[in-house]
1. Can you go through Val76, Val84, Val56, Val99 and tell me which one is in contact with a His (Cβ under 9 Å, 6 or more places away or on another chain) and open to solvent by less than 70 Å² (accessible area, probe 1.4 Å)?
2. For the stretch 8-15, does any single residue satisfy the condition of being open to solvent by 70 Å² or more (accessible area, probe 1.4 Å), of a type outside the set (Asp, Glu), in contact with a strand residue (DSSP E or B) (Cβ under 6 Å, 6 or more places away or on another chain) and outside any helix (DSSP H, G or I)?
3. I want to confirm something. Restricting to the stretch 64-73 and keeping residues that are under 21 Å from Gly19 (Cβ atoms) and assigned to a loop (DSSP other than H, G, I, E, B), which single residue is most open to solvent (accessible area, probe 1.4 Å)?
4. Only helices (runs of 4 or more DSSP H) wholly contained in the stretch 77-184 count here; list those with 1 or more residues that are modelled with pLDDT under 75.
5. For residues that are outside any helix (DSSP H, G or I), in contact (Cβ under 8 Å) with a residue 24 or more places away in the chain and either more than 23 Å from Leu89 (Cα to Cα) or not aromatic (Phe, Trp, Tyr) (or both), tally how many sit in the stretch 22-56.
6. If only one of Leu41, Leu27 is within 20 Å of the chain's Cα centre (by Cα), open to solvent by 90 Å² or more (accessible area, probe 1.4 Å) and within 18 Å of Ser53 (Cβ to Cβ), which one is it?
Amino acid sequence: MAEGELPAVLILDIGGTHGVLEDLAALLKKHFHLITMKEFLGNKEEMRKKIQSVFVFECRPTIDRELLESLPNLKVIANSGVGVDHLDLKMISSFGVKVTNTPHAVADPTADIGMALMLASARRLVEGSVLNFLGPSFGTPHFCCERDDLSESIFGMLLQGKIFRGIYFSYVLLLFRATVTRVR
């Protein structure tokens, strides 16, 4: 890599159904020279020595032995997701390549969705939405009266990992807000 030249990163594509999102690609271009898989395969001899990193977005491109052998200067595989189950870490490390990921990037939003799904399920909100959409000619929406108030309900959670701790925190905060509202 010449002085002042940005490090080259291999990606599957930009945009489309499987490529890196265009906004994310624009951000990456500020710090890296992006090389798509099509460009790499079209000129392997020239590109192979430039590429120092592979950016894996939605499990693509596939990292296999053939790809690793074709990239002699590869230093890191940057996975944009939480898990790395789709990567053969033992094989990758045998090439002296490091793997990164974003383990807690979506923990809080996932906990929020989990809390929302639990409450929606307890109150059967999807059914209520469908009945509301279909209108009064479909029938009387009496399903809400069939269960106890949530303040009388008990449910348990296995608190394991950051996401589940986030759900527990959301639930405690929700109970606190409900209690404060009732006291006022």
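The values are calculated or read from the model by the stated rules, or taken from the named source; none is laboratory data. For clarity, every value in this text was computed on a predicted model and none was experimentally measured. As a convention, Cβ positions derive from the backbone with ideal geometry for all residues, glycine included, and neighbour counts pool all protein chains shown. Quick note on the areas: whole protein, heavy atoms, side chains included, nothing else; ligands and nucleic acids left out. Shrake-Rupley method; radii C 1.70, N 1.55, O 1.52, S 1.80 Å.
1. Numbers: Val76 fails: in contact with a His (Cβ under 9 Å, 6 or more places away or on another chain); Val84 fails: in contact with a His (Cβ under 9 Å, 6 or more places away or on another chain); Val99 fails: in contact with a His (Cβ under 9 Å, 6 or more places away or on another chain).
Among Val76, Val84, Val56, Val99, only Val56 is in contact with a His (Cβ under 9 Å, 6 or more places away or on another chain) and open to solvent by less than 70 Å² (accessible area, probe 1.4 Å).
2. Of all residues in the stretch 8-15, those open to solvent by 70 Å² or more (accessible area, probe 1.4 Å) come to 13.
Now narrow it down to the ones that are of a type outside the set (Asp, Glu): none.
Within the stretch 8-15, not a single residue is open to solvent by 70 Å² or more (accessible area, probe 1.4 Å), of a type outside the set (Asp, Glu), in contact with a strand residue (DSSP E or B) (Cβ under 6 Å, 6 or more places away or on another chain) and outside any helix (DSSP H, G or I).
3. Filtering the stretch 64-73 for residues that are under 21 Å from Gly19 (Cβ atoms) and assigned to a loop (DSSP other than H, G, I, E, B), the one most open to solvent (accessible area, probe 1.4 Å) comes out as Asp64.
4. Details: elements: 89-94, 107-123, 125-134, 161-183.
Those helices (runs of 4 or more DSSP H) span 107-123, 125-134, 161-183.
5. Pass one, the stretch 22-56, residues outside any helix (DSSP H, G or I): 30-36, 43, 48-56.
If we keep only those that are in contact (Cβ under 8 Å) with a residue 24 or more places away in the chain as well, we get 31-36, 48-56.
Then keep just the ones that are either more than 23 Å from Leu89 (Cα to Cα) or not aromatic (Phe, Trp, Tyr) (or both); that gives 31-36, 48-54, 56.
Of the residues in the stretch 22-56, 14 are outside any helix (DSSP H, G or I), in contact (Cβ under 8 Å) with a residue 24 or more places away in the chain and either more than 23 Å from Leu89 (Cα to Cα) or not aromatic (Phe, Trp, Tyr) (or both).
6. Values: Leu41 fails: within 20 Å of the chain's Cα centre (by Cα).
Sole residue among the options that is within 20 Å of the chain's Cα centre (by Cα), open to solvent by 90 Å² or more (accessible area, probe 1.4 Å) and within 18 Å of Ser53 (Cβ to Cβ): Leu27.
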